[in-house]
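Since the structure comes first, as structure tokens, the remarks are kept for the end.
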Amino acid sequence: MNKPLLALTVAISMALFGATVASAADVVPVNFDDPGEGYNDTTPAAPVGGNPGTTLGEQRQIVAQFAADLWGSVLASDVPVYVGAQFNPLGPNVLGSAGTTFYIYNFPGAAYPDTIYFSALADALAGEDLVPGYVDISSQFSSDFTFYYGLDDNTPAGQINFLDVVMHEFGHGLGFANAENEGTGEFAGGLQDIYSVYTYDNTAGKYWPQMTVNERKASGINYGNVVFTGASATAGAGLILDPRTGFRVTAPASIAGDYPYGTASFGPAISPANFGGSVVLGTDGVGASNDGCEPLDNGAAIAGNIAMLDRGTCNFTVKVLNAQIAGATGVLIADNAPGNPPPGLGGTDPAITIPSIRITQALGNSIKAVLPGVTVGFVVDPNELQGADDAGRPRLYMPDPVQGGSSGSHYDTALAPNALMEPAINDSLFAAINLDITPNLLQDTGWKLNDGNATIDGCDTGIGIVDDAGIIIGANVQATSNLCLSRAARRGDYQGCMDAYKGRMLADGLITDKQAGRMMACAAKVGKAKKQ
Amino acid sequence: MNHKARTLWLISGLAIAAAASVAHAAKPSTTPQQRKAAVDTIKRNHKQFDATQPRTMAQANATKVRLSSGGSAMRAPTELWNHLAVQRDAQGNPHQVETSNGAQAPAIQEEQAK
């Protein structure tokens, strides 16, 4: 059977027998690029990381379709989701953009009145394409940048995994975002949005729609105190987040508490075992005498304690090394500019053997005001979750000052392990398999998740599409089956592609032998005539 | 708002209104033929649609229309879209961050040396 016939046979049989997958969303990338560029770039490329494309454009298309199939498997909708897809030269340092094209409200099926829903979700809830003829999501990526187009978890150092980027950006377009400007506190159209309905400020004790514009503007920079309260996201957070770890001021009582901090790229990682004790302000007697840029002149007081130094003038590594030479067991670097959370400490110096962290300017001032008598530590609290509030609700990223494009519409960078929808995508993610608590949040906003098993041509593989913790192995099975099918000229090619996939999944421990057998039994039926 | 901008918003509004007039009769496009037809229509509309996507919230507010299905719609402003940027640290490693529309990538956060 040639390629078109094989694909057509499967399409027809899915229409006839595929009732179990009818609710899977059909996410359709719509390629807007001209011939020879972007998604149609004919530059030869070697297949990489499970991506069989042989041109740059083909590899890009395969990743976009794979991402569409993953999201389409996880979400349920009877209405196709059309995603505009383009690659363009976007200039230095810009990787791309994505967003919903329409805000829709007061449509049949909306759970909340006068509430903005993103186009794809509104269509899913209404059961029809409410604004046909246009894409639901617009996405654009940079043709100036070299991405890694593999579908696996082997992104080389120094490259960026395109699949993770696309999964993240599609996530925004599907509804992981508000319709509010954190810089002004204003809602688009003067209407609350469904994401903001669940956005709660623990300090104000109010949900965002309950706030005035000015209150919301203040909440938009209330770092660490704004959470997403949806039941599914909260339940998911309890399943995946690590125990809370953090920097704590233990005395005096007037400033005791947990505070945000930035980690260092040099020296040992901070831990309860290596960080704790009394704080002593380091002095060097030169210029800004607390910056630690010269050898410290109060070594007798510093020795055996935590040195506190101010940011500025010289590299962080110089300061920490001077404190170490003076006998400090750890270092606090107090920022010299306002802002929250504190960024990390960059630099390298293998001579540094003590831990160091960065704290806010505000906390630095508070500590200085009550010295001596300040004690600090690094604590692990097994009863609380890292990146969630005490009620277990995941935090949203609300840095001070506002970071346009990052504030509000992301999980907090404090979450551990890292989440797909944090503002800084990093190489610890593997969105082809793990969407963490992203589907949970989308479920809270109204999306239905496919809680059944992956199917191949209507055959149940026994592999769950998505679990409560956002593991999407079943979705990966369906997306891979689609990819194998799209590339196979004959049934044998498809079987071989799926067999290789089975081997990789077994080797990685992602499926059991029993699941592998059932998956391959389903794959073996593809292209065969079915009994009516 | 100048004449050209006003024209763009008018076109934008008309595009939504035209779509709205057929929305009520629309059914889920589930067959390959319906899907292809929908994609072809989207591609035909793309250039005009793309050119009229509002940038600011004020511009977006001006695109509000009622849908025949009983709901209402407005175009989303690109200033609220998520824009992805990359920074490189001193070792050349890329770090991705999201920024607002048209904004330069902020100074690198994780790897400031001083």
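Partner shielding of A:122-132 amounts to 6, given as the average count of beta-carbon atoms from other chains within 10 Å of each residue beta-carbon.
When a 1.4 Å probe is rolled over the protein heavy atoms, the share of accessible surface on region A:399-532 that falls to carbon and sulfur comes to 50 percent. With K and R counted +1 and D and E -1, the other residues having a Cβ less than 15 Å from that of residue A:40 yield a net charge of -3.
Over region A:112-167, Cα pairs under 8 Å with separation of 6+ residues give a relative contact order of 22 percent. What is the local net charge at residue A:87, summed over the other residues whose Cβ is closer than 12 Å to its Cβ (Lys, Arg +1; Asp, Glu -1)? That sum, taken over residues with Cβ under 12 Å, equals -4.
How far is helix A:473-487 tilted, in degrees, relative to the longest principal axis of the Cα atoms in chain A, given as a value from 0 to 90 rounded to the nearest 10? With rounding to tens, the tilt is 50 degrees. Modelled label positions at residue A:112 and residue A:297, each set 7 Å beyond Cα in the direction of Cβ, lie 6.0 nm from each other.
Short-range pairs are left out: with C-alpha atoms under 8 Å and at least six residues apart, the relative contact order of chain A is 16 percent.
Summing charges over all other residues whose Cβ lies under 13 Å from the Cβ of residue A:382, with Lys and Arg as +1 and Asp and Glu as -1, gives -2.
Taking the centroid of alpha carbons for each part, region A:484-529 and region A:226-275 are 43 Å apart.
Length gained on full extension, residue A:428 to residue A:349: 26.0 nm, using 0.36 nm per residue less the C-alpha separation. Solvent-accessible area lost on pairing A with B (1.4 Å probe, both sides summed) amounts to about 5500 Å². Note that region A:315-328 has calculated 3J(HN,Hα) couplings of 5, 4, 5, 5, 4, 5, 5, 4, 5, 4, 5, 7, x, 5 Hz, one per residue in order, obtained from phi through the Karplus relation 6.51 cos²θ - 1.76 cosθ + 1.60 (θ = phi - 60°); glycine and proline are x. Would you mind checking the tilt of helix A:231-240 against the longest principal axis of the Cα atoms of chain A, expressed as 0 to 90 degrees and rounded to 10? Taking Cα atoms only, the helix is inclined about 70 degrees. Take the Cβ atoms of residue B:34 and residue A:210, set R0 to 51 Å, and the FRET efficiency comes out at 0.75. Neighbouring Cβ atoms from other chains, within 10 Å of the Cβ of residues in A:89-99, number 6 on average. When the label point is put 7 Å from the Cα of residue A:370 along its Cα-to-beta-carbon vector, which residues of region A:277-306 have a backbone N closer than 16 Å? Correct set: A:277-281. About its Cα centre, the dipole of the protein assembly as shown is roughly 1720 debye, where the only charges are +1 on Lys and Arg Cβ and -1 on Asp and Glu Cβ. The residues of region A:123-190 expose on average 24 square angstrom of accessible surface per residue, using a 1.4 Å probe on protein heavy atoms.
Distances between placed amide hydrogens fall under 5 Å for residue A:28 paired with A:81, A:82, A:83, all partners being 5 or more residues away or on another chain.
Between the helical axis of A:3-17 and the longest alpha-carbon principal axis of chain A there is an angle of about 90 degrees. Ignoring ligands, DNA and RNA, what percent of the accessible area of region A:200-251 is carbon or sulfur (1.4 Å)? Summing carbon and sulfur atoms, their accessible area is 52 percent of the total for region A:200-251. Treating r as the C-beta distance of residue A:239 and residue A:34 and R0 as 45 Å, the FRET efficiency rounds to 0.50. Note on residue A:23 and residue A:258: their simple-model spin labels are 3.6 nm apart, each label 7 Å out from Cα toward Cβ. Which distance in Å, rounded to a whole number, links the C-alpha centroids of region A:128-155 and region A:387-403? Here the answer is 27 Å between Cα centres. With the simple model of a label 7 Å out from the Cα in the direction of the Cβ, residue A:325 to residue A:88 spans 5.4 nm.
The values are calculated or read from the model by the stated rules, or taken from the named source; none is laboratory data. Just so you know, these numbers come straight off a predicted model, no measurement behind them. Reconstructed Cβ throughout: ideal geometry from the backbone, glycine too, with neighbour counts over all protein chains shown. All accessible areas refer to the heavy atoms of the entire protein, side chains included, with ligands and DNA or RNA removed. Shrake-Rupley method; radii C 1.70, N 1.55, O 1.52, S 1.80 Å.
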